[in-house]
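Right, one structure below, let's go through it.
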Amino acid sequence: MGKINSDFFFDTDFLNLTKYKMNKIFLITKREFLTRVRQKSFIIMTFVGPILMAALFIVPVWFSTMEDETEKTIAVIDKTQNFEKILNGNKNYKFIQIPETPIDTVKSHFSESAYDALLFIPKPEEKMPITLYSDKQPSFELKSYISNRLELEMQNENLKKIGIRQSQIDSAKVELSIQTIKWQENGGEEKSSAEIAIVLGFVIAIIIYSFIFMYGTQVMRGVIEEKTNRVVEVLISSVKPFELMAGKILGIALTAITQFMLWILLTIAITLPLKSIFFSDKSAELQNISQHVAQEKGQDAAGNAKIIDFIQTAGNFNFVSLGMAFIFFFIFGYLLYASLFAAIGSAVDNEADSQQFILPVTIPLIIAFVAAQSIIRFPDGNIAFWFSIIPYTSPVIMPIRIAADAVSTGEILLSGFTLIVFFILHIWLASKIYRIGILMYGKKPTYKEIWKWLRYK
Amino acid sequence: MEIIKTQNVTKKYSGYTALSELSISAEEGTIFGLLGPNGAGKTTLIRIINQITAPDSGEVYFSDERLQSSHISQIGYLPEERGLYQKMKVGELVLYFAHLKGLSRSEALKRTKYWFEKFEIQLWWDKKVNELSKGMQQKVQFITTVLHEPKLLIFDEPFSGFDPLNTNLLKKEILELKNKGCSIILSTHNMESVEELCDHIVLINKSEKILDGAINDILSQFKTNTFEVIFDGNFNLHQATLSANYEITESSAEKGNNFLKVKLKDNYLPNDLISSMLQYGQIASFREIMPRMNEIFIRVVEEKNSERHEN
């Protein structure tokens, strides 16, 4: 039996060992990834997820197109005789003046008539409210259409009464929309949009929150499974506990990223063709309407300018930095929580026992998610600042602030640095708990016990 | 050379001592029996050898080198509590374990096929693990343990869950591995298999070694000088004469086949017994009753435990 001169080969030996170790982590990662990706539940979720997401976009559009199909006819009893020319209706509503009849008479014959509603406009001196009668709840849209028209006409009448001419009224009309411009550090300017920022930031926060939750608990379940069916006993003589834990966390991370990518691709694949079906005539219509409105107002370019403006603003939006921030906080946030979940999984014998440990781990995540809803409105406040620095909440909060552009580069670096430091600290602690926990059976661990494990040699 | 040598290994967990000052040495190319009642510290020792846990004090040597992580790939360990990934296919699973042990893809495939043929389980390749019976899973587990042809094999209760047929198959395989030059540490409560397989045993009780030696030495050390004689002749006369110089522990007479168990007193030899019996009839059979490992185990452990009580 030849004895290796280990002193002489020490250096290269060490390097080989490291390579060997990485190779093992890679093998474990590969197995975790492949078995998960081939599971039925993964395949089902991959297809059901985008369908649900696509449904979120399409169902509202679909409903609105359904409603549009029927034209509503509204009977009008106008005692003032002033509004006939104003209530000229549109594609959805048709107004028909009927002779003055007592309301009760109309009511008794209403169901037989072809009318969907009755608008009653009394004379001002009658001191009665303008009333819309119907046997169904009239739509909000109809109500606001009528009141807008009548308000405008009444205002004009009042103005005329005090001696202002129609031409003066027309020239006093104002169409206002506020443009926001953000000064950049390099002295340039760009158009910004708070609305896009809010929506985008919040969507990212939801995605990060739910993926950390979903896949973090999968790490825990995987560890518990290995422990309860005793595979770990067999594995542990071939691989170090840390390699086993790291491989599992990475394998599940890859699964999460794969699922996410597939969702995005499939959502686009499903949404695009469907959208074009539903939107083709709809958007043409919208254009017609806006042109019509623009012509009426004599401001041809205004509508188009608005659309162009929106596209420009969206283009100005810094998708690259937001995308990078998303990837960074998504990955490290997951890693931070996954190492905690792995430690929990190793400490308990079954999922029921895990509850007492899960709660303290998930509370900061839930708090971050709840706080996100107010932080969206005040992205540069004190709470926003601290939540985006503290590593337990920063993965959810920081992307919101980045999207809202309410954060300096220094803060982002500080937050990222803190997150990495905490991740290293947590995976180190987790591996200490894990290496003892996976070989402990039978007793329900307490916090005191786990504290002891941390100090074992 | 010793494949494994420990020197004064001590391991304490909060509240109790799992191993105290344990020194053992297992010769290369032999089967080393690691015995002891439940909770004696066997699993802790095995885990230390596997570097799953480290001793608080003391040294462990593997082939004269201090135990280090590069030795892991030269050890195959079949733990007592064992399991497999239930949802994986058998072939994939075995290959995965082989890769973890550092075998290349082609080598792993070649050896896996060899063992599957040897155990006649080729048809299981694409079956999922949870479709196999417990005994079948044990076979797969055995293969994963030996596949990388380690220098040292550690079997912890390898026979549990096997029917007598498969137990024999496994014993045959273990002996074959030994003949190929493998060193084996066998931890089991099945004393029959210890007698059959082991060259050397160590008995641990409550973290301490209480018995250590070659199995033949131990068996003869525990001989009680008792002989079984079957003979033809006057049974009662025999009994009367013999009891003067010998201690008769058991006797029976059935259809002319008289049976006696006789314990020799000090200073008497087996031949003395034979010659004193020759005068009374024909001796049909005469053999020494060897102690069984089972009895030795119980006797030594009980003695130790009562000693502890007295102290």
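Of the set (1) within 12 Å of chain A (Cβ to nearest Cβ); (2) in contact with a Phe, Trp or Tyr (Cβ under 9 Å, 6 or more places away or on another chain); (3) outside any loop (DSSP other than H, G, I, E, B), all apply to B:Gly91 but (1). Within segment A:360-372, if we keep just the residues that are touching a residue at least 40 places away in the same chain (Cβ under 8 Å) and under 19 Å from the mean Cα position of the chain (by Cα), the residue that is most open to solvent (accessible area, probe 1.4 Å) turns out to be A:Phe369. If you go through segment A:423-436 and pick out every residue that is surrounded by fewer than 19 Cβ atoms within 10 Å (Cβ to Cβ) and either touching a Ser or Thr at 6+ places or on another chain (Cβ under 9 Å) or at the interface with chain B (Cβ under 10 Å from one of its Cβ atoms) (or both), you end up with 2.
Tell me, which strands (runs of 3 or more DSSP E) wholly within segment B:1-53 include 2 or more residues that are over 13 Å from B:Asp212 (Cβ atoms) and either over 22 Å from the mean Cα position of the chain (by Cα) or modelled with pLDDT of 95 or more (or both)?
On the way: elements: B:2-13, B:16-27, B:31-35.
Where strands (runs of 3 or more DSSP E) fall fully within segment B:1-53 and carry at least 2 residues being over 13 Å from B:Asp212 (Cβ atoms) and either over 22 Å from the mean Cα position of the chain (by Cα) or modelled with pLDDT of 95 or more (or both), they are B:2-13, B:16-27.
Please return the ranges of helices (runs of 4 or more DSSP H) entirely within segment B:169-247 where 2 or more residues are more than 14 Å from the chain's Cα centre (by Cα). Spell out how you get there, then give the answer.
Values: elements: B:191-197, B:215-221, B:235-245.
Per the criteria, B:215-221, B:235-245.
Checking each residue in segment B:68-94 for being open to solvent by 40 Å² or more (accessible area, probe 1.4 Å) and either over 24 Å from the mean Cα position of the chain (by Cα) or β-branched (Val, Ile, Thr) (or both) picks out B:Gln68, B:Ser69, B:Ser70, B:Gln86, B:Lys87, B:Lys89, B:Glu92.
Kindly establish whether A:Phe42 is open to solvent by 30 Å² or more (accessible area, probe 1.4 Å) and not in a loop (DSSP other than H, G, I, E, B). So A:Phe42 fails the test. For segment A:184-226, the set of residues classified as modelled with pLDDT under 90 and basic (Lys, Arg) consists of A:Lys191 only. Across segment A:62-75, a minimum of one residue is classified as modelled with pLDDT of 80 or more and more than 42 Å from the chain's Cα centre (by Cα). Just checking, does segment A:104-125 include any residue being of a type in the set (Phe, Trp, Tyr) and farther than 9 Å from A:Ala75 by Cα? Looking through segment A:104-125, at least one residue is of a type in the set (Phe, Trp, Tyr) and farther than 9 Å from A:Ala75 by Cα. If you go through segment A:207-239 and pick out every residue that is touching a residue at least 60 places away in the same chain (Cβ under 8 Å), at the interface with chain B (Cβ under 10 Å from one of its Cβ atoms) and either surrounded by fewer than 19 Cβ atoms within 10 Å (Cβ to Cβ) or under 26 Å from the mean Cα position of the chain (by Cα) (or both), you end up with 1. Filtered by the rule that a residue be surrounded by fewer than 20 Cβ atoms within 10 Å (Cβ to Cβ), touching a residue at least 24 places away in the same chain (Cβ under 8 Å) and either more than 14 Å from every other protein chain (Cβ to nearest Cβ) or in a helix (DSSP H, G or I) (or both), segment A:437-448 gives a lone residue, A:Lys444.
Suppose we filter B:Ser20, B:Ser63, B:Ser104 for residues that are open to solvent by less than 50 Å² (accessible area, probe 1.4 Å) and within 13 Å of chain A (Cβ to nearest Cβ); which single one remains? Before you say what the answer is, go through the steps one by one.
Working: B:Ser20 fails: within 13 Å of chain A (Cβ to nearest Cβ); B:Ser104 fails: open to solvent by less than 50 Å² (accessible area, probe 1.4 Å).
Exactly one residue qualifies, and that residue is B:Ser63.
Of all residue pairs spaced 6 or more apart or on separate chains, none has beta-carbon atoms under 7 Å together with a first member in segment B:67-95 that is not assigned by TED's automatic domain parsing to the domain that holds B:Thr53 and a second member that is hydrophobic (A, V, I, L, M, F, W, C).
Select from segment B:123-138 the residues that are assigned to a helix (DSSP H, G or I) and under 11 Å from B:Val90 (Cα atoms) and write down the one among them that is most open to solvent (accessible area, probe 1.4 Å). Steps first, please.
Narrowing segment B:123-138 to residues assigned to a helix (DSSP H, G or I): B:123-124, B:129-131, B:134-138.
Those still in the list that are under 11 Å from B:Val90 (Cα atoms) too: B:123-124, B:129-131, B:136-137.
Working: B:Leu123: 160, B:Trp124: 31, B:Val129: 2, B:Asn130: 85, B:Glu131: 112, B:Met136: 59, B:Gln137: 35 Å².
Once the filter is applied, the top-ranked residue is B:Leu123.
The values are calculated or read from the model by the stated rules, or taken from the named source; none is laboratory data. Keep in mind it's a predicted model, so treat the numbers as computed, not measured. So basically every Cβ, Gly included, is an ideal-geometry build from the backbone, and we count neighbours across all protein chains shown. Side chains are part of the model used for accessible areas, which takes the heavy atoms of the whole protein and leaves out ligands, DNA and RNA. Shrake-Rupley method; radii C 1.70, N 1.55, O 1.52, S 1.80 Å.
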